[in-house]
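S.K.: Please read through the structure below; I'll follow up with questions.
The values are calculated or read from the model by the stated rules, or taken from the named source; none is laboratory data. The model shown is predicted, which means the values in this text are computed figures rather than measured ones. Cβ placement follows ideal geometry from the backbone for every residue including glycine, while neighbour counts extend to all protein chains displayed. Calculation scope for accessible area: heavy atoms of the full protein, side chains included, ligands and nucleic acids excluded. Shrake-Rupley method; radii C 1.70, N 1.55, O 1.52, S 1.80 Å.
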Amino acid sequence: ENPMTIQVGQGYVEPGFKAVDACDGDLTEAVLAAGTVSKYTAGTYTISCTAQYSTDETLTATKEITVEEGKAPVAAFDILNNELPAGDRFSFINRSQGDGCTYQWSMPGAEVEQTSGTNATALYPRTGTFSVTLTVSNPFGTSSVTHEVTVKESAPEARFDISQTEIMLGDTIQLIDN
């Protein structure tokens, strides 16, 4: 590919070349490559490949390699439902953009307050409004975004035991509160 574009930090790997002459045949082994590409410095670099024929003639081809600054990520996430009763689990779906990213979730007040991974879930044991922050990093920068979730009172749950296991129509039973 000529020209070729790579990102800072990615490094240049020569994808290969071939030199064939009608008289001399395959000259690929005799091709000399010259030039360097810095994976740490943005810019345009030139690699020259020279083949020498048996007649002492040479043929040189050049290739341009552009090293571009990488792009910082852009943090974004969706919440499947931003209001749930206490004890229900929130789901956070990562929608961030960027290459080579790591993810850190901060969910103060949740049972697990810090986690890493592309997506996250959180369970909040008490009511209130809580912040959820996703921080996305790659070698070119860091981006964070914060959303809020609301934990509502959960409906009371009736729990009791029955005094008898067999009941006939008309029988009186006793419910024992748990």
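S.K.: Identify which of 12, 53, 40 has the largest mean-square fluctuation in a Gaussian network model of the chain, with springs joining Cα atoms closer than 10 Å.
M.R.: Between 12, 53, 40, it is 53 that shows the largest mean-square fluctuation.
S.K.: Follow-up. Let me know the longest stretch in the chain that avoids all GluC sites (Glu not before Pro) found in a DSSP loop with at most 15 other C-beta atoms within 10 Å.
M.R.: Working: sites that count: 1, 57, 69, 111, 113, 153, 157, 166.
Here the longest run is 2-56.
S.K.: Could you identify which residue out of 93, 47, 162 has the top mean-square fluctuation in a GNM of the chain using Cα springs shorter than 10 Å?
M.R.: With Cα springs under 10 Å in the chain, the top fluctuation among 93, 47, 162 is at 162.
S.K.: Taking the Cα centre of each part, how many Å lie between the stretch 12-65 and the stretch 113-134?
M.R.: One Cα centre to the other: 54 Å.
S.K.: Another one. With every atom except the alpha carbons ignored, what do you get for Rg and Dmax of the stretch 104-175, in angstroms?
M.R.: When restricted to the Cα atoms of the stretch 104-175, Rg and Dmax are 22.7, 76 Å.
S.K.: Further question: Could you work out the relative contact order of the stretch 90-178, using alpha carbon pairs under 8 angstrom and six or more residues apart, expressed as a whole percent? Walk me through the numbers on the way to the answer.
M.R.: Details: 143 pairs, mean separation 19.4, N = 89.
Rounded, it is 22 percent for the stretch 90-178.
S.K.: Taking the solvent-accessible surface of protein heavy atoms with a 1.4 Å probe, what is the per residue accessible area of the stretch 84-178 in Å²? All intermediate terms of the calculation are to be shown ahead of the outcome.
M.R.: Numbers: 6290 Å² over 95 residues.
Ligands and nucleic acids excluded, the figure is 66 Å² per residue.
S.K.: Would you work out the relative contact order for the chain, in percent, from Cα pairs under 8 angstrom that are 6 or more residues apart?
M.R.: Taking the mean separation of contacting Cα pairs over the length of the chain, I get 16 percent.
S.K.: Find, among the trypsin sites (Lys or Arg not before Pro) in the stretch 112-170, those assigned to loop by DSSP (not H, G, I, E, B) with at most 10 other beta-carbon atoms within 10 angstrom. Please list the in-between numbers first.
M.R.: Numbers: sites: 126, 152, 159; in loops: 126, 159.
Qualifying residues, ordered by number: 126, 159.
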